[in-house]
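Peer 1: This is the structure, below, for whatever I ask next.
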Amino acid sequence: MEHPLLVYNTLTRSKQVFEPLNPPHVGMYVCGPTVYGDAHLGHARPAITFDLIFRYLKHLGYKVRYVRNITDVGHLEDDADEGEDKIAKKARLEQVEPMEVVQYFTDRYHSNMQQLNVLSPSIEPRASGHIIEQAGMIDDILKSGMAYVSNGSVYFDVEKYNQQYHYGKLSGRVLEDLMSNTRTLEGQDEKRNPFDFALWKKAQPEHIMRWPSRWSDGFPGWHLECSAMSARYLGNTFDIHGGGMDLLFPHHESEIAQSMAAHGSEPAKYWLHNNMITINGQKMGKSLGNFITLNDFFSGDHTSLTQAYSPMTIRFFILQAHYRSTLDFSNEALQAAEKGLDRLLTAWNKIPRLKPSKQSTLEVEDLEKKCYAALNDDFNSPMVIAHLFEAVRWINAINDGKEQLTANHLELLQGLFNRFAGEILGLIPAETADSAEGLSDKLLEILISLRQQARASKNFAASDLIRDSLKNIGILLRDTKNGVEWEIEED
């Protein structure tokens, strides 16, 4: 590779050369969804962002162990240490077992991810399946002296931790500011300080999801699950920890503190955070009530939507913005993404039908280098897409006879699309790239043959019907002295 891979590390607030701890192996942990409702557009962004990173690292030859968890216990309302578990609340309202809620919405989440062409992670652990690991980590933190037991619950002592380490190094917060700006809430008097967070919560009598421990019948704190599961599958220190910007504080900040107290080391070498999707400048999310589910987008069944949008349109919409920038939803933006994706795929379909020349007037190799340079600059997907649209202009110019490529360079151009639009950006599902093009060509050959037979037998009505029907779906037939040529009509 001509240029090294640079990633923006939230911890250092700068781009760094990516150097895995144990090359060629890479360990990547990403905080997954809390499965108490259908996935929305805000869930799609981290899934697609880290799918891009997963795909590109594998493309570079790394052996990636990608762990993305499912939160199915301990995530209380408003991300607090008091209140009702979100999944337990859903189960109570629906009068079902909590794990029925988990299974139902996990299945629907997986279905949405498949529609978005998001690859499955290497491992997808659930918090409820790792209670033993979480309890063991609490023991380690208690032994370090940085946690305390209070009325059957266990809390992390943030102030004591900060005397030895820096609580706030990831988010840039200062503990003194947190102390002055944090008020004591009702029900939190068992904490030494209001900013201490729960490692284990004693369950109230009405709390459904509970496990026995030496402290109480209760459940682990939300922050603890990721620390325990990442250590279980990737070791105490691994390469990449990712998630949405909304998890930066307190979730990821608390993960660092827990790992330092339990293991004496930070959990991850690189911290990567995708930014938010907004509606009118406000974060999209369930808690704010302004979310649109992915199934709503795919069906168009939502008052904020003017039409249905395909999963690949949603994927293209997300990838056309850099993962660290905010992305504001609007129907106009999605419609523009739909048209852009259509232009891209139309050009890709034209490549096999372009006629090679004896010489080339375009530098395909240079375009490939630009695509790699963009990805090596903190996974700059919008720049890759811009370079692909440069290739779209080339394809149209070659089709119109204004530019030329040799057969070898046409093959390179096809490979460029398959590699960057397909394998890495995931905009062309593998089965589509492998089979759709050939199937479409064969079907068109059959229709053209039937039309030729109709013309030969002077059945011009049938001949015109085939030609006009194809035109209605955007396929133009042209009778030439060398036979019938066809192309996909541009909007």
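The values are calculated or read from the model by the stated rules, or taken from the named source; none is laboratory data. Since the structure is predicted, the reported quantities are computational estimates derived from the model, not experimental observations. Don't worry about glycine lacking a Cβ; one is built from the backbone with ideal geometry, like all the others, and counts go over all protein chains shown.
Peer 1: Given the conditions (1) assigned to a strand (DSSP E or B); (2) free of Cβ contacts under 8 Å to residues at least 40 places away in the same chain, and given that Tyr270 satisfies all but one, which numbered condition is not satisfied?
Peer 2: (2)
Peer 1: So in segment 4-32, with the set limited to residues that are of a type in the set (Ser, Thr, Tyr) and touching a Lys or Arg at 6+ places or on another chain (Cβ under 8 Å), which one is surrounded by the most Cβ atoms within 10 Å (Cβ to Cβ)?
Peer 2: For segment 4-32, the residue satisfying everything is Tyr29.
Peer 1: Determine whether segment 223-240 contains at least one residue that is surrounded by fewer than 18 Cβ atoms within 10 Å (Cβ to Cβ), of a type in the set (Asp, Glu) and not in a loop (DSSP other than H, G, I, E, B).
Peer 2: Within segment 223-240, none of the residues are surrounded by fewer than 18 Cβ atoms within 10 Å (Cβ to Cβ), of a type in the set (Asp, Glu) and not in a loop (DSSP other than H, G, I, E, B).
Peer 1: If we only count strands (runs of 3 or more DSSP E) wholly inside segment 106-209, which ones have 3 or more residues that are closer than 25 Å to Arg92 by Cα?
Peer 2: Numbers: elements: 147-150, 153-156, 197-202.
Qualifying strands (runs of 3 or more DSSP E): 197-202.
Peer 1: From Val96, Val73, grab the single residue that is part of a loop (DSSP other than H, G, I, E, B) and under 27 Å from the mean Cα position of the chain (by Cα).
Peer 2: Just one listed residue meets the conditions, Val73.
Peer 1: Select from segment 452-485 the residues that are modelled with pLDDT of 80 or more and part of a loop (DSSP other than H, G, I, E, B) and write down the one among them that is nearest to the chain's Cα centre (by Cα).
Peer 2: The residue in question is Asn459.
Peer 1: Between Tyr372, Tyr309, which is out of contact with any Phe, Trp or Tyr (no Cβ under 8 Å at 6 or more places or on another chain), among the aromatic types (Phe, Trp, Tyr) and closer than 24 Å to Phe389 by Cβ? Can you show your working first?
Peer 2: Working: Tyr309 fails: out of contact with any Phe, Trp or Tyr (no Cβ under 8 Å at 6 or more places or on another chain).
Residue meeting the stated conditions: Tyr372.
Peer 1: Go through segment 335-354 and give me each residue that's surrounded by fewer than 19 Cβ atoms within 10 Å (Cβ to Cβ) and without any contact (Cβ under 8 Å) to a residue 40 or more places away in the chain.
Peer 2: Gln335, Ala336, Glu338 - these are the residues of segment 335-354 that are surrounded by fewer than 19 Cβ atoms within 10 Å (Cβ to Cβ) and without any contact (Cβ under 8 Å) to a residue 40 or more places away in the chain.
Peer 1: Taking the criterion of being in contact with a Gly (Cβ under 8 Å, 6 or more places away or on another chain), buried (at least 20 other Cβ atoms within 10 Å of the Cβ) and on the phi > 0 side of the Ramachandran plot, would at least one residue in segment 38-53 satisfy it?
Peer 2: No, there is no match, as no residue in segment 38-53 is in contact with a Gly (Cβ under 8 Å, 6 or more places away or on another chain), buried (at least 20 other Cβ atoms within 10 Å of the Cβ) and on the phi > 0 side of the Ramachandran plot.
Peer 1: Okay, moving on. In segment 419-436, how many are of a type outside the set (Gly, Ala, Ser) and modelled with pLDDT of 95 or more?
Peer 2: Of all residues in segment 419-436, those of a type outside the set (Gly, Ala, Ser) come to 419-420, 423-425, 427-429, 431-432, 434.
Checking the rest, the ones that are also modelled with pLDDT of 95 or more come to 419-420, 423-425, 427.
Qualifying residue count, segment 419-436: 6.
Peer 1: Kindly provide the set of residues from segment 80-93 that are in a helix (DSSP H, G or I) and surrounded by fewer than 17 Cβ atoms within 10 Å (Cβ to Cβ), ordered by number.
Peer 2: Arg92, Leu93
Peer 1: Right, something else. Taking segment 241-267 on its own, how many of its residues are of a type in the set (Ser, Thr, Tyr) and either outside any helix (DSSP H, G or I) or surrounded by fewer than 21 Cβ atoms within 10 Å (Cβ to Cβ) (or both)?
Peer 2: Qualifying residue count for the region: 1.
Peer 1: Restricting to segment 417-432, what's the tally of residues that are farther than 13 Å from Leu119 by Cβ and surrounded by 20 or more Cβ atoms within 10 Å (Cβ to Cβ)?
Peer 2: 5
Peer 1: Take the residues of segment 285-303 that are farther than 22 Å from Phe316 by Cβ and surrounded by fewer than 16 Cβ atoms within 10 Å (Cβ to Cβ): which is modelled with the highest pLDDT?
Peer 2: Residue satisfying both the conditions and the ranking: Thr303.
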